[in-house]
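Read the structure below first, then the notes.
The values are calculated or read from the model by the stated rules, or taken from the named source; none is laboratory data. Quick caveat: nothing in here was measured; it's all calculated off a predicted structure. Using ideal geometry, Cβ is built from the backbone for each residue, glycine included, and neighbour counts are taken over all protein chains shown.
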Amino acid sequence: MGYFRRDIKTWSKKNSSPVTEADFLVDEFLKQTLLAARPQYGWLSEETTDDLARLNKQTIFVVDPIDGTRGFIRGDNGWSISLAIVKDGVAIAG
């Protein structure tokens, strides 16, 4: 990832947890790529405003684009991209 161990823009969310420009870029990439492949799925992400239309979908992607943002900012290896697929309220992958 081109932003890892680099000087990146960082903000604080309302709950004081950090978010980076990389969080938003990964989120947008995943959203565009995954919904292009499965347009019938809904989307729920930690970094995206919740679209309540997802409640009308049988299957949704649930994403945390950078799980472990604090570690990512520090340059630690303890972060990941978290992705799950939830169908009828039950996680079936991820």
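Quick check on segment 28-53: of everything there that is hydrophobic (A, V, I, L, M, F, W, C) and farther than 17 Å from Ala93 by Cα, which residue is surrounded by the most Cβ atoms within 10 Å (Cβ to Cβ)?
If we take residues in segment 28-53 being hydrophobic (A, V, I, L, M, F, W, C) and farther than 17 Å from Ala93 by Cα, then Phe29 is surrounded by the most Cβ atoms within 10 Å (Cβ to Cβ).
Out of everything in segment 43-73 that is part of a loop (DSSP other than H, G, I, E, B) and more than 15 Å from Lys31 (Cβ to Cβ), what residue ends up being modelled with the highest pLDDT?
Going through segment 43-73, the residues part of a loop (DSSP other than H, G, I, E, B) turn out to be 46-51, 57-58, 68.
Now restrict to residues that are more than 15 Å from Lys31 (Cβ to Cβ): 58, 68.
Numbers: Gln58: 97, Gly68: 91.
Result: Gln58.
Would you tally the residues in segment 54-69 being crowded, with 16+ Cβ neighbours inside 10 Å and either of a type in the set (A, V, I, L, M, F, W, C) or touching a residue at least 40 places away in the same chain (Cβ under 8 Å) (or both)?
Here the count works out to 7.
Could you please give the count of residues in segment 74-85 that are surrounded by 14 or more Cβ atoms within 10 Å (Cβ to Cβ) and in a strand (DSSP E or B)? Break it down stepwise before answering.
Start the filter on segment 74-85 by keeping residues that are surrounded by 14 or more Cβ atoms within 10 Å (Cβ to Cβ), which leaves 79, 81-85.
The next check asks that each one be in a strand (DSSP E or B); those that pass are 81-85.
Residues meeting the conditions: 5.
Counting only residues that are within 15 Å of the chain's Cα centre (by Cα) and free of Cβ contacts under 8 Å to residues at least 40 places away in the same chain, which one in segment 2-24 is farthest from Gly71 (Cα to Cα)? Outline the logic, then answer.
Kept after step one, since they are within 15 Å of the chain's Cα centre (by Cα), are these residues of segment 2-24: 13, 17-24.
From what is left, the residues that are free of Cβ contacts under 8 Å to residues at least 40 places away in the same chain are 13, 21.
Numbers: Lys13: 16, Glu21: 15 Å.
Out of the qualifying residues, it is Lys13.
State whether the residues of segment 6-14 include one that is at pLDDT 90 or above and surrounded by 12 or more Cβ atoms within 10 Å (Cβ to Cβ).
As a first pass, look at segment 6-14 and keep what is at pLDDT 90 or above: none.
No: segment 6-14 contains no residue that is at pLDDT 90 or above and surrounded by 12 or more Cβ atoms within 10 Å (Cβ to Cβ).
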